[in-house]
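Working notes, structure below.
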Amino acid sequence: MWDASDEALFAGFAMGDPQAGTVFVRRFQARVFGLALVITRDPVEADEVAQDAFVRAWRYAASFDARRGSVAGWLLGITRNVALDNVRLDSNRKARLDLSDAGELALNLAIDVRSSDEVAESAERHDALARVAYSLRALPDEQREALVAVTLQGLTTREYAESAGVPLGTAKTRIRLGLRKLRQRLEIHAE
Amino acid sequence: MNADGCTWVDEVAAELALGLLSGAERAEALAHMERCGRCQDEVSSLTGVAEQLLLLAPEIPPPAGFESRVLARIDPVPEALRPSGSSGTGRSGVTRTRNGRRRPPWRSVLGAVAAVLVVLVGAAGVWVAFADDDNHSQVAVTVADLRSNHNGDVVGQATVRHSSPPVVELEMKEWIDALKAQGEWPVGDWLIEVQDGAGGSAHYPVRLAESPAKVTLVEPQPGSDRLDMTNLTTVAVRDGTGHTWCTAKLNA
């Protein structure tokens, strides 16, 4: 069971198999909580968000499509949406967000940890992470910063524009070009 | 498709994929995408990229007891598998129970037998599971949509337990009842036609009055081919005149 693929565990979790559920939650909880914490900046809220994300993943399991992407990406996408739903309702959000540190914290953490040879990851997972990290690194700085801000840090386009001190249109362009370029880089690395 | 709509969606596709659009813009983009496959594909592709980006989220262990709190909130029947007013769309590997709830197909198949672990969720409308059988040995189970040969609608489900011999179960009572109510269901003998990957086909009598209708693949009708039971590809339901009413592709 501990060696089961992400997809197999997820299928077991979705159908309410307690053993598969336990292993599935253990496998992903640090990533889900990590993302929730990065976006919410509040451990108590992050705990709730992470729980909600797992519950939502289980509830909408039928909508997962293995042909479109990985379980991890899908689950983290849900986590991000739940976290954003929470923080965008929070009027104190701006006070809590230190926009000046936007950009590098999560990225550095992620890239430094994940691309290290010492990380004992499964080869497949390590490859997937390394591919994303390298592809992201290859982007122009401002595009990378914009993408990290609106994904891993949960900023809106407008918040990113304000934090970066650029017009809204520029922020939109950075996001648009950045995501497309990232796709291109990922395709190159996948070959 | 409208070229202006495409140009605009193309501009906002990345923000849509990243969940950054406002409600009104999002609704407008989605409305366009309903009519435009190209924009739909583009946004879907970018959504996949956005999800990959999230793989870089830092790993931070949650507070103690997190796992138990999550598992305590999980009910055995996911809401997504409950009736939502529509049926047979998309990944339809679910069936309805008597009380109207939907449940994963392997549960209806296996009854009291415990499904251990689904190892593969395959292409649209086909699920493959491994389950403990009564003798506690592992048996693969394929569950596939039965689709009407008339219009392609999902009308029920075919389940194949790959035991020796294999067992086919058909759940299509609601469809049969609906056709009966319209006077379109012929009276007479029914058959299932089972095909294998080598093009062989065999016919077995089936009693559709039962639900699920269960057929153990022994004693085919005369004239049937000898099937490769390890590589069954389709199950079709035919009436006594040879007309095929619905078909399940086991390897769709």
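The values are calculated or read from the model by the stated rules, or taken from the named source; none is laboratory data. Computed from a predicted model, the values in this text were never measured in an experiment. Note that each Cβ is placed from the backbone with ideal geometry, even for glycine, and that neighbours are counted across all protein chains shown.
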Inset, instruction - Please identify the pairs in which a residue from the range A:1-28 that is closer than 15 Å to residue A:74 by Cβ and more than 7 Å from chain B (Cβ to nearest Cβ) has its Cβ atom under 8 Å from the Cβ atom of a residue that is of a type in the set (Gly, Ala, Ser) and not in a helix (DSSP H, G or I), counting only partners at least 6 apart or on another chain. - result: A:6/A:70
Inset, instruction - For residues that are surrounded by fewer than 24 Cβ atoms within 10 Å (Cβ to Cβ) and closer than 16 Å to residue B:67 by Cα, scanning just the range A:35-44, find the one that is nearest to the other protein chains (Cβ to nearest Cβ). - result: A:43
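Yes or no: residue B:241 more than 24 Å from residue B:151 (Cβ to Cβ), among the hydroxyl-bearing types (Ser, Thr, Tyr) and surrounded by fewer than 13 Cβ atoms within 10 Å (Cβ to Cβ)?
no
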Inset, instruction - Being more than 8 Å from every other protein chain (Cβ to nearest Cβ) and among the β-branched types (Val, Ile, Thr) is the filter here, so list the residues in the range A:174-191 that pass it. - result: A:188
Legend entry - Restricting the range A:54-78 to residues that are facing chain B (nearest Cβ under 9 Å), among the small types (Gly, Ala, Ser) and assigned to a helix (DSSP H, G or I), the residue that is surrounded by the fewest Cβ atoms within 10 Å (Cβ to Cβ): A:63
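Among the residues of the range A:149-173, write down those that are under 19 Å from the mean Cα position of the chain (by Cα) and either facing chain B (nearest Cβ under 8 Å) or of a type in the set (Lys, Arg) (or both).
Matches in the range A:149-173: A:150, A:151, A:152, A:156, A:157.
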Inset, instruction - Select from the range B:205-233 the residues that are assigned to a strand (DSSP E or B) and surrounded by fewer than 19 Cβ atoms within 10 Å (Cβ to Cβ) and list them in ascending order. - result: B:205, B:214, B:216
Inset, instruction - Inspect the range B:33-51 for any residue being at pLDDT below 85 and within 11 Å of chain A (Cβ to nearest Cβ) and give the result as yes or no. - result: no
Legend entry - Boolean, residue A:133 is touching a helix residue (DSSP H, G or I) at 6+ places or on another chain (Cβ under 6 Å) and more than 11 Å from chain B (Cβ to nearest Cβ): no
Legend entry - Set A:122, A:100: member being modelled with pLDDT under 60, more than 17 Å from the chain's Cα centre (by Cα) and over 20 Å from residue A:154 (Cα atoms): A:122
Inset, instruction - Could you tell me which residue of the range B:149-192 is farthest from residue B:249 (Cα to Cα), considering only residues that are β-branched (Val, Ile, Thr) and not in a strand (DSSP E or B)? - result: B:187
